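**Q** Let me give you the structure first, and then I'll get to my questions.
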2 protein chains.
Amino acid sequence: MKLDILTIGDELLIGQTLNTNAQWIAVEMTRIGFEVRQQLTISDDEQIIFDSVDEALKNSDVVLITGGLGPTKDDLTLPVLNKFFGGELIENKEVYKDIERLILSRGFKMNQNNKNQALVSSACTPLRNEHGTAPGLWFEKEGKVVVAMPGVPYEMKAMLSDTVIPQLKEVYELPEIIHHMVYTQGLPESMLAELLEDWENSLPATIKLAYLPSPGRVKLRLSSIGLDRNKLQQDINFKVEELKKIIPDNIYSENEEDIQRVIGDLLRSKKLTVSTAESCTGGYIAHLITEIAGSSDYYLGSILSYANEVKINQLGVNADDIKKYGAVSQQVVKQMALGVKNNLKTDYALATSGIAGPTGGSDAKPVGTVWIAVATPNGVISEKFVFGKQRDINIQRASIAALGMLRREIK
Amino acid sequence: MKLDILTIGDELLIGQTLNTNAQWIAVEMTRIGFEVRQQLTISDDEQIIFDSVDEALKNSDVVLITGGLGPTKDDLTLPVLNKFFGGELIENKEVYKDIERLILSRGFKMNQNNKNQALVSSACTPLRNEHGTAPGLWFEKEGKVVVAMPGVPYEMKAMLSDTVIPQLKEVYELPEIIHHMVYTQGLPESMLAELLEDWENSLPATIKLAYLPSPGRVKLRLSSIGLDRNKLQQDINFKVEELKKIIPDNIYSENEEDIQRVIGDLLRSKKLTVSTAESCTGGYIAHLITEIAGSSDYYLGSILSYANEVKINQLGVNADDIKKYGAVSQQVVKQMALGVKNNLKTDYALATSGIAGPTGGSDAKPVGTVWIAVATPNGVISEKFVFGKQRDINIQRASIAALGMLRREIK
């Protein structure tokens with residue numbers, strides 16, 4: 001089954017917004033067995049949208065569109081698709097109620113723009129938007145499907161996952177595709193590739209391997225396509241068992257991308273708690289942990305000590321040690337971890353202190369130097385890392401490294 | 001002058017790699033006055049590449065291509081373009097020397113793959129690649145230009161900036177394009193559109209307006225194209241001044257997207273400091289603030305009180321008030337803000353307490369309810385918000401709302 005992805009919006013076209021929607025849709029649709037023929041980004045222009053939909057439908061079975069469904073004048077996707085499929089714009093009562101409920105819950109009143117969003121093409125089935133006012137639009141014609149979704153990423157993602165993909169699976173018979181993920185942490189891609197070289201060469205031709213790196217982590221994806229799902233899964237399982245023997249400490253999950261969720265499950269099952277004392281990571285570890293619903297079961301809080309006075313007064317770090325060794329040092333980071341563990345009375349504690357950059361480095365401690373400590377019921381361990389020059393990436397890599405250390409200690 | 005951007009590669013098509021090249025090219029080319037007609041991503045397939053180039057050249061003056069120039073079998077851009085422009089593949093001595101120099105400098109010897117990369121189409125002018133082995137290809141035909149560049153981002157960027165753009169400026173006389181941004185916070189898109197309706201209708205035909213929403217914010221983009229840059233800027237400035245009178249409190253910048261950077265600049269210039277006491281936002285406000293290099297000048301730290309005991313012991317919140325009013329209440333959030341302001345000795349402090357979801361809500365306090373307080377040198381203000389059901393979006397919206405309140409107080 002062939003798929004065209006059509007993303008509409010001048011902000012994408014001129015590069016003001018990075019087109020993460022097209023990528024996300026491509027990943028999700030590839031996963032369920034669609035072949036992406038092309039991704040096209042075009043302007044908010046009536047004729048161009050019309051022609052692009054026409055062209056896409058000639059070549060693909062399904063066209064997924066995002067953008068141009070908002071309430072303002074430059075949003076043209078609905079009128080163009082309505083014209084393309086020969087419908088009429090009529091008010092949809094259920095859509096109206098959904099919009100009204102959303103607007104009222106936010107403490108606003110329905111205005112004309114909101115009301116206009118309840119106008120839907122008679123040629124389509126509207127799709128509910130749980131998170132915004134613009135409904136999705138599902139058109140079918142001669143066995144082909146065109147779906148328009150909002151451009152706001154979280155609205156689009158919820159709609160694609162919850163509604164569009166399940167409905168597409170009903171319309172089309174899709175081949176079996178298995179993507180088996182193995183999530184690793186603590187080894188850079190090049191080192192991992194070297195360690196896995198023999199194993200990679202031993203993979204059967206039916207299994208494709210991809211390395212998908214992100215700061216601090218590398219996702220390994222084993223993909224297999226065929227007709228017999230059981231056989232595909234068996235072959236993959238066999239090779240994954242071999243893999244586990246090669247890098248036992250670096251694999252943190254086979255189904256969960258977020259290492260903080262793996263840690264959360266571990267802590268909850270063992271009835272343990274954790275706190276954090278962040279300096280250079282600036283709250284990012286806390287943010288990762290609390291992104292997870294229910295994290296209040298095991299995460300009590302953090303003392304974010306950006307200034308030295310906060311390290312001294314709130315965490316009990318020895319002021320002389322800061323003078324003697326510097327804030328970015330093993331001595332200080334260990335005291336930070338122990339300080340927050342004692343103050344917040346948790347079983348474990350994480351601390352970071354480093355130079356995120358882009359300035360502030362020295363010859364002895366270049367930008368990217370980060371000390372990380374984990375306080376455990378049995379003491380405190382620490383490790384020094386030297387990352388790169390880019391501030392945002394350093395923050396991410398240090399946070400993931402810290403969570404990796406914590407996971408190994410809890411396990 | 002119209003431009004098509006053509007990015008080639010299966011890794012882009014299936015979403016394995018985020019297409020940052022297309023965005024970067026779009027930004028750079030828009031800046032110099034090109035109008036991006038479309039961005040198209042296609043597979044490493046001979047016929048598809050051929051047809052796409054053909055189609056692009058029918059509609060645009062310039063086609064910029066990235067990808068498919070490497071030394072392996074799936075790299076087809078060179079042979080396809082050579083065929084399209086009716087050339088022959090011949091070895092280019094200068095390109096050969098460049099490749100040899102690069103390979104030797106890396107401590108390797110020239111292999112057959114490297115030698116093959118010196119084969120260039122006789123129909124094009126090769127462009128030097130300072131950072132890699134694949135030269136760029138510059139084709140011209142009937143006043144139109146097709147340029148193929150490597151897909152590796154830093155190789156492509158250097159080639160576009162250093163060679164392609166200067167050469168394009170010699171070939172074409174380019175119009176002036178102005179994009180003027182206005183960053184707003186605190187009004188949802190539909191309300192903003194209502195408030196701005198009359199003003200929007202009063203815009204001259206030469207100025208296009210776009211609403212670009214993200215959680216908690218709406219970006220307004222005014223675009224104008226013409227020959228007289230001063231006149232274009234004057235017209236836009238005039239309308240922006242009108243806009244400022246309509247929503248004076250909601251505009252936080254005209255050149256800076258990150259509200260935390262605007263706040264940072266304000267604090268630094270006034271020599272003021274801030275701290276945070278986050279509950280439901282879980283460190284995300286701290287992360288936003290500390291993303292900015294140099295934030296340690298004005299940001300001292302945070303007491304992240306996820307657990308009630310931390311609110312009581314570290315922030316001095318009255319335990320009886322938590323019992324009586326609940327942790328998500330005006331009384332508690334105000335005490336949190338004052339507590340962290342006193343403990344960390346800052347001029348301002350921000351506090352949040354809410355129900356991020358997806359569970360934990362009640363009839364009186366549904367999921368999405370968030371109390372935010374700002375402690376200032378003159379007292380403490382607070383406000384209640386009711387956001388949606390999605391945890392991650394609630395965290396983002398609450399964080400931006402909190403920063404918006406802080407900005408208004410500092411100003």
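The values are calculated or read from the model by the stated rules, or taken from the named source; none is laboratory data. Keep in mind that this is a model prediction, so the values were computed, not measured. Cβ coordinates were reconstructed from backbone atoms using ideal geometry, including for glycine residues, and neighbour counts include every protein chain displayed.
**Q** Given the conditions (1) among the polar types (S, T, N, Q); (2) part of a helix (DSSP H, G or I); (3) more than 10 Å from every other protein chain (Cβ to nearest Cβ), and given that residue A:362 satisfies all but one, which numbered condition is not satisfied?
**A** (2)
**Q** Here is a follow-up. Taking the range B:7-29 only, how many residues are more than 7 Å from every other protein chain (Cβ to nearest Cβ), in contact with a strand residue (DSSP E or B) (Cβ under 8 Å, 6 or more places away or on another chain) and β-branched (Val, Ile, Thr)?
**A** 3
**Q** Give the residues of the range A:69-99 that are within 12 Å of chain B (Cβ to nearest Cβ) and out of contact with any helix residue (DSSP H, G or I) (no Cβ under 7 Å at 6 or more places or on another chain), sorted by residue number.
**A** A:73, A:74, A:75
**Q** Look at the range B:30-44 and say how many of its residues are within 10 Å of chain A (Cβ to nearest Cβ) and either assigned to a helix (DSSP H, G or I) or charged (D, E, K, R) (or both).
**A** 4
**Q** Continuing with this model, one more query. Cβ-Cβ distance below 8 Å, separation of 6 or more or different chains: which pairs start in the range B:12-39 with a residue that is in contact (Cβ under 8 Å) with a residue 40 or more places away in the chain and among the charged types (D, E, K, R) and end on one that is in a helix (DSSP H, G or I) and surrounded by fewer than 24 Cβ atoms within 10 Å (Cβ to Cβ)?
**A** Correct list of pairs: B:28/B:160; B:28/B:161; B:28/B:165.
**Q** What's the total number of residues in the range A:45-68 that are without any contact (Cβ under 8 Å) to a residue 12 or more places away in the chain and within 11 Å of another protein chain (Cβ to nearest Cβ)?
**A** Taking the range A:45-68 first, the residues without any contact (Cβ under 8 Å) to a residue 12 or more places away in the chain are A:47-48, A:51, A:55, A:58.
Filter once more, so that each one left must be within 11 Å of another protein chain (Cβ to nearest Cβ): A:48, A:51, A:55.
Matching residues across the range A:45-68 total 3.
**Q** Would you say residue A:116 is surrounded by fewer than 22 Cβ atoms within 10 Å (Cβ to Cβ), more than 26 Å from residue A:210 (Cα to Cα), modelled with pLDDT of 95 or more and more than 7 Å from chain B (Cβ to nearest Cβ)? So that I can check it myself, show each step before the final result.
**A** Values: surrounded by fewer than 22 Cβ atoms within 10 Å (Cβ to Cβ): yes; more than 26 Å from residue A:210 (Cα to Cα): yes; modelled with pLDDT of 95 or more: no; more than 7 Å from chain B (Cβ to nearest Cβ): yes.
No, not satisfied.
**Q** Just wondering, is there one or more residues in the range B:149-170 that are surrounded by 22 or more Cβ atoms within 10 Å (Cβ to Cβ), in contact (Cβ under 8 Å) with a residue 60 or more places away in the chain and hydroxyl-bearing (Ser, Thr, Tyr)?
**A** Looking through the range B:149-170, none of the residues is surrounded by 22 or more Cβ atoms within 10 Å (Cβ to Cβ), in contact (Cβ under 8 Å) with a residue 60 or more places away in the chain and hydroxyl-bearing (Ser, Thr, Tyr).
**Q** Residue by residue through the range A:184-212, note down the ones that are under 17 Å from residue A:244 (Cβ atoms) and either touching a residue at least 60 places away in the same chain (Cβ under 8 Å) or among the polar types (S, T, N, Q) (or both).
**A** A:184, A:185, A:186, A:187, A:202
**Q** Out of the residues in the range A:359-394 meeting the condition of being in contact with a helix residue (DSSP H, G or I) (Cβ under 8 Å, 6 or more places away or on another chain) and more than 15 Å from residue A:280 (Cβ to Cβ), tell me which one is surrounded by the most Cβ atoms within 10 Å (Cβ to Cβ).
**A** Restricting attention to the range A:359-394, the residues satisfying the condition of being in contact with a helix residue (DSSP H, G or I) (Cβ under 8 Å, 6 or more places away or on another chain) are A:367-368, A:370-376, A:380-385, A:387-388, A:391-392.
This time we only want the ones that are more than 15 Å from residue A:280 (Cβ to Cβ), so: A:374-376, A:380-381.
Values: A:374: 26, A:375: 29, A:376: 16, A:380: 18, A:381: 15.
Here the answer is A:375.
**Q** Given the conditions (1) within 10 Å of chain B (Cβ to nearest Cβ); (2) within 29 Å of residue B:357 (Cβ to Cβ), and given that residue A:349 satisfies all but one, which numbered condition is not satisfied?
**A** (1)
**Q** Quick one: in the range B:188-232, of everything that is of a type in the set (Gly, Ala, Ser), within 9 Å of chain A (Cβ to nearest Cβ) and in contact with a Pro (Cβ under 8 Å, 6 or more places away or on another chain), which residue is surrounded by the fewest Cβ atoms within 10 Å (Cβ to Cβ)? Please lay out each step first, then the result.
**A** Residues of the range B:188-232 that are of a type in the set (Gly, Ala, Ser), as a first pass: B:190, B:193, B:202, B:205, B:210, B:214, B:216, B:223-224, B:226.
From what's left, within 9 Å of chain A (Cβ to nearest Cβ): B:190, B:193, B:210, B:214, B:223.
Applying the additional criterion that residues be in contact with a Pro (Cβ under 8 Å, 6 or more places away or on another chain) yields B:190, B:193.
On the way: B:190: 28, B:193: 22.
Applying the filter and picking the extreme gives B:193.
**Q** Could you please find all residues in the range B:133-152 being modelled with pLDDT under 90 and over 16 Å from residue B:92 (Cα atoms)?
**A** B:152
**Q** Yes or no: the range B:46-66 includes at least one residue that is closer than 13 Å to residue B:151 by Cα and either touching a Leu at 6+ places or on another chain (Cβ under 7 Å) or surrounded by fewer than 23 Cβ atoms within 10 Å (Cβ to Cβ) (or both).
**A** Scanning the range B:46-66 turns up at least one residue that is closer than 13 Å to residue B:151 by Cα and either touching a Leu at 6+ places or on another chain (Cβ under 7 Å) or surrounded by fewer than 23 Cβ atoms within 10 Å (Cβ to Cβ) (or both).
**Q** Given (1) part of a strand (DSSP E or B); (2) crowded, with 22+ Cβ neighbours inside 10 Å, where does residue A:356 come up short, assuming only one miss?
**A** All conditions are met except number (1).
**Q** Go through A:122, A:105 for me and flag whichever is surrounded by fewer than 20 Cβ atoms within 10 Å (Cβ to Cβ), facing chain B (nearest Cβ under 9 Å), touching a strand residue (DSSP E or B) at 6+ places or on another chain (Cβ under 7 Å) and among the polar types (S, T, N, Q). Break it down into steps so the answer makes sense when it comes.
**A** Values: A:122 fails: facing chain B (nearest Cβ under 9 Å).
Answer to the selection: A:105.
**Q** I'm trying to understand the selection: among the residues of the range B:365-386, which are without any contact (Cβ under 8 Å) to a residue 40 or more places away in the chain, within 11 Å of chain A (Cβ to nearest Cβ) and of a type in the set (Val, Ile, Thr)?
**A** Once the filter is applied, which keeps residues that are without any contact (Cβ under 8 Å) to a residue 40 or more places away in the chain, within 11 Å of chain A (Cβ to nearest Cβ) and of a type in the set (Val, Ile, Thr), the range B:365-386 yields B:367, B:386.
**Q** Before we move on, is residue A:315 under 27 Å from residue A:185 (Cα atoms) and not β-branched (Val, Ile, Thr)?
**A** Criteria not met by residue A:315.
**Q** Any residue that is within 21 Å of the chain's Cα centre (by Cα), assigned to a strand (DSSP E or B) and of a type outside the set (A, V, I, L, M) - is there at least one of those in the range A:50-67?
**A** Scanning the range A:50-67 turns up at least one residue that is within 21 Å of the chain's Cα centre (by Cα), assigned to a strand (DSSP E or B) and of a type outside the set (A, V, I, L, M).
**Q** Give B:271, B:334, B:324, B:311 a once-over and let me know the one that is within 20 Å of residue B:376 (Cα to Cα), more than 8 Å from every other protein chain (Cβ to nearest Cβ) and surrounded by fewer than 20 Cβ atoms within 10 Å (Cβ to Cβ).
**A** That would be B:271, the only listed residue that is within 20 Å of residue B:376 (Cα to Cα), more than 8 Å from every other protein chain (Cβ to nearest Cβ) and surrounded by fewer than 20 Cβ atoms within 10 Å (Cβ to Cβ).
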